[in-house]
Amino acid sequence: MTRVLLSVGIMLPGSLPVDTAINIAAMTGRLGFAAVYLTEVPPQDQLERLVHAAAPAQVLVPPPSGATGVVWVNDPVAVATARAKMDAEGVERPLRVCVPISIGRTMSEAEARAALEPRFEGGRHPRHVGIFGTFEQAQDQVLALARAGADQLLLEVPLERDVADVLAQIRALVVGATPQLVDAPPANGRTAPPQTVFYSLPHSGS
């Protein structure tokens, strides 16, 4: 059976100002993302505003880092291992890949976006554990995760600049994961992402 990445959520940190979080939630819903995942549970009145703004996307709290069926690194091998374990145990909930992302029309644009995001410092930089590079490079990475058995992406996006543009690029990226693309081999002549084709830095939550 072909598995396709159809469900995509955007993760919002609890440190965001309320109005900023609501604006991003509204863009997420309008662009057709499946969910807004909150890293912290806000007060009830703020939660209600987020739910209203994000519709028809759901507003959810993400699973803990050690939860079964959650992979915290962009590594098709880790995804395939988790998929096999879930299938063997008869686990029916979706397999989620929770990673940071920074993409751009050029590598310089992807680098600049990531550099402006404080949450990407250290071990959670998308160059090391996430989806990173040009649109074409990122699409290859997303499709590899789909081939490995992922069902959903939960993405930490750079929020410091051009958020609407970032969300639109990501939505177009994942829409491309059709069965034909998933089944096709990686395109020849594509420039490999930096460091490795796919990132596999160990993470305790994988």
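Want the number for residue 112 to residue 160: 0.36 nm per residue separation, take away the alpha-carbon distance, what's left? Intermediate values should be presented prior to the final figure.
Working: separation 48, 0.36 × 48 = 17.28 nm, distance 1.04 nm.
The span from residue 112 to residue 160 would gain 16.2 nm if fully extended.
In a shell of Cβ-Cβ distance under 13 Å around residue 103, excluding residue 103 itself, what net charge do Lys and Arg (+1) and Asp and Glu (-1) give?
-4
Please work out the average accessible area per residue across the stretch 2-149, using the 1.4 Å probe convention, and give it in Å².
Heavy-atom accessible area per residue stands at 43 Å².
With the Cα gyration tensor of the stretch 1-125 giving a ≥ b ≥ c as the square roots of its eigenvalues, does the rule (a/c under 1.5 for rounded; else a/b larger than b/c for prolate; else oblate) give rounded, prolate or oblate?
oblate
Ignoring ligands, DNA and RNA, what percent of the accessible area of the stretch 57-159 is carbon or sulfur (1.4 Å)?
Here it works out to 54 percent.
Decide, for the stretch 13-76, between rounded, prolate and oblate: order the square roots of the alpha carbon gyration tensor eigenvalues as a ≥ b ≥ c, take rounded if a/c falls under 1.5, and otherwise choose prolate if a/b is larger than b/c, else oblate.
Here the stretch 13-76 falls in the prolate category.
Tell me, how many Å apart are the Cα centres for the stretch 1-60 and for the stretch 82-105?
19 Å
Mind giving me the nanometre distance, one decimal, between the label points for residue 30 and residue 88, set 7 Å out from Cα along Cα→Cβ?
The modelled label-to-label distance comes out at 4.7 nm.
The values are calculated or read from the model by the stated rules, or taken from the named source; none is laboratory data. If you're wondering where the values come from, they're calculated on a predicted model, not measured in any experiment. Methodologically, a virtual Cβ is constructed for each residue, glycine included, from the backbone with ideal geometry; neighbour enumeration extends over all protein chains shown. SASA here: full protein model, heavy atoms, side chains in, ligands and nucleic acids out. Shrake-Rupley method; radii C 1.70, N 1.55, O 1.52, S 1.80 Å.
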